[in-house]
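Below: the structure, in structure tokens.
The values are calculated or read from the model by the stated rules, or taken from the named source; none is laboratory data. This one's a predicted model, so the numbers in the text were calculated from it and none came from an experiment. As a convention, Cβ positions derive from the backbone with ideal geometry for all residues, glycine included, and neighbour counts pool all protein chains shown. Side chains are part of the model used for accessible areas, which takes the heavy atoms of the whole protein and leaves out ligands, DNA and RNA. Shrake-Rupley method; radii C 1.70, N 1.55, O 1.52, S 1.80 Å.
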Amino acid sequence: MQNTKTIPTHMKGVQLTGHGGLDQLAIRDNIPVPTPGPRDVLIRVRAAGVNNTDLNTRIGWYAKSEGDSSDAGWNGEGLKFPRIQGADVCGEVVAVGAEVDPALLNKRVLIEPCLQEANGKALEQPWYFGSECDGGFAEYTVVAARHAHAINSPLSDVELASFPCSYSTAENMLTRANVGANDVVLITGASGGVGSAAIQLAKARGAQVIAVTSPTKADALLALGARQALDRNDDMVKALGKNSVTVVIDLVAGAQWPSLLDVLKPFGRYATAGAIAGPMVELDVRTLYLKDLSLFGCTVLGETVFANLVRRIESGDIQPLVAQTFPLDHIREAQTQFETKAHIGKLVLDIASHP
């Protein structure tokens, strides 16, 4: 079943043709519009956010061995090219499969980026939207209906597209670390999409937040709700003292990583979903077991995480942070700007306004 709007046979989109530089991003206007299966919905994409994973996937960063991209996907397998990236999607349901509730038709939706179902089947290992299957950097996309969440909000399509990937990642980390009102939470990489989301979501849980960022962005993060902002080059132990925080939300890793465990109180919780300063770190196992610390790696979203996020958005508990918008065919410019890390919040492709 589809709505009364005419659905074309072909669409404009950006296809990743292989691992490498920006030249691997091919802008094409003759991509076949995908056909939804019985359990799927077809979505007219209105806006799509740019993420770290887009760049990491393009360059093959997830590969465990240099020069070997056979495991460069999120699920440890190689990608099939061409691939349409884009995990952050806000759009309108324009067609539904035979087994899908027709009430979803014409609804504005956010796509849950961590997929438990695709091609009509439950997945043994989750896929990531725009990685193991085509995503939202195109005029239309298909996803299992269970991953298309209707949303009722006065926010614009661009503003809503800033939420799915980064905010669900942040909410998942906070959920895994069981953050509550009695916690003091240290967030690294706090000016990025996930970090700034984690500030808001931790505050919504009643926690106190310490943000780690660059000095030029400190005031903005304090305004966002952080109690304190530290320079990312600071010695964490000297700045805070040992055993001073209950939770670390880490998106950076790198050389300073051991100090993050040093500032955790006994029985503290550490959660990570990124390693932008480098994935290889030095762990003194004695710190781990003598302080009874819990370490969480966070990729797959918990069952209730995305639905909880949608409720937070609808209730106005959190606000969008859109740093800049780009038309779809300026994807290379958007990814170049993303790499500078000069922004706070999200860069978003405004697809509906730029045919």
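Okay, here's what the table says:
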{"read-out": "Answer residue from region 114-148, given it is in contact with a Leu (Cβ under 7 Å, 6 or more places away or on another chain) and open to solvent by 40 Å² or more (accessible area, probe 1.4 Å) and is nearest to Ile31 (Cα to Cα) among those", "value": "Trp127"}
{"read-out": "Selection count, region 204-225, where residues are polar (S, T, N, Q) and open to solvent by 40 Å² or more (accessible area, probe 1.4 Å)", "value": "2"}
{"read-out": "Any hit, region 289-296, residues being out of contact with any strand residue (DSSP E or B) (no Cβ under 6 Å at 6 or more places or on another chain) and among the basic types (Lys, Arg)", "value": "no"}
{"read-out": "Pair list, Cβ < 8 Å and 6+ apart or interchain, from region 52-81 residues that are closer than 22 Å to Glu339 by Cα and surrounded by 14 or more Cβ atoms within 10 Å (Cβ to Cβ) to residues that are among the charged types (D, E, K, R) and at pLDDT below 85", "value": "Tyr62/Asp71; Ala63/Asp71"}
{"read-out": "Criterion: in contact (Cβ under 8 Å) with a residue 40 or more places away in the chain and open to solvent by 20 Å² or more (accessible area, probe 1.4 Å) - qualifying residue of Leu328, Leu301, Leu288, Leu321", "value": "Leu321"}
{"read-out": "Test: residue in region 61-69 that is of a type outside the set (S, T, N, Q), at pLDDT 85 or above and assigned to a loop (DSSP other than H, G, I, E, B)", "value": "no"}
{"read-out": "Selection from region 149-190 of residues that are in a strand (DSSP E or B) and either without any contact (Cβ under 8 Å) to a residue 12 or more places away in the chain or open to solvent by 10 Å² or more (accessible area, probe 1.4 Å) (or both)", "value": "His149, Ala150, Val184"}
{"read-out": "Filter result (open to solvent by 70 Å² or more (accessible area, probe 1.4 Å) and either of a type in the set (D, E, K, R) or modelled with pLDDT under 95 (or both)) within region 264-277", "value": "Lys265, Ile276"}
{"read-out": "Any chance Thr9 is in contact with a strand residue (DSSP E or B) (Cβ under 8 Å, 6 or more places away or on another chain) and in contact (Cβ under 8 Å) with a residue 40 or more places away in the chain", "value": "no"}
{"read-out": "Residue within region 164-176 that is over 20 Å from Arg232 (Cα atoms), modelled with pLDDT under 95, touching a strand residue (DSSP E or B) at 6+ places or on another chain (Cβ under 6 Å) and not acidic (Asp, Glu) present", "value": "yes"}
{"read-out": "Identity of the residue in region 17-28, under 15 Å from Glu333 (Cα atoms) and part of a strand (DSSP E or B), that ends up least open to solvent (accessible area, probe 1.4 Å)", "value": "Leu25"}
{"read-out": "Scope region 331-350; condition open to solvent by 70 Å² or more (accessible area, probe 1.4 Å) and either touching a residue at least 60 places away in the same chain (Cβ under 8 Å) or within 15 Å of the chain's Cα centre (by Cα) (or both); matching residues", "value": "Arg332, Glu339, Lys341"}
{"read-out": "Filtered residue count, region 98-113, keeping only those that are open to solvent by 10 Å² or more (accessible area, probe 1.4 Å) and either in contact with a strand residue (DSSP E or B) (Cβ under 8 Å, 6 or more places away or on another chain) or of a type in the set (Asp, Glu) (or both)", "value": "10"}
{"read-out": "Residue selected from region 29-55 under the condition in a strand (DSSP E or B) and in contact with a helix residue (DSSP H, G or I) (Cβ under 8 Å, 6 or more places away or on another chain), by the criterion nearest to Ala144 (Cα to Cα)", "value": "Asp40"}
{"read-out": "Those residues of region 235-263 which are part of a helix (DSSP H, G or I) and in contact with a helix residue (DSSP H, G or I) (Cβ under 7 Å, 6 or more places away or on another chain), in sequence order", "value": "Met236, Val237, Ser259, Leu260, Leu261, Asp262"}
{"read-out": "Filtered residues of region 296-355 (kept if within 18 Å of Val45 (Cα to Cα) and acidic (Asp, Glu))", "value": "Asp329, Asp350"}
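Table: residues versus (1) over 21 Å from Asp183 (Cβ atoms); (2) open to solvent by 60 Å² or more (accessible area, probe 1.4 Å); (3) of a type in the set (A, V, I, L, M).
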{"position": "Ala202", "(1), (2), (3)": "no, no, yes"}
{"position": "Arg227", "(1), (2), (3)": "no, yes, no"}
{"position": "Arg232", "(1), (2), (3)": "yes, yes, no"}
{"position": "Met236", "(1), (2), (3)": "no, no, yes"}
{"position": "Val247", "(1), (2), (3)": "no, no, yes"}
{"position": "Val252", "(1), (2), (3)": "no, no, yes"}
{"position": "Pro279", "(1), (2), (3)": "yes, yes, no"}
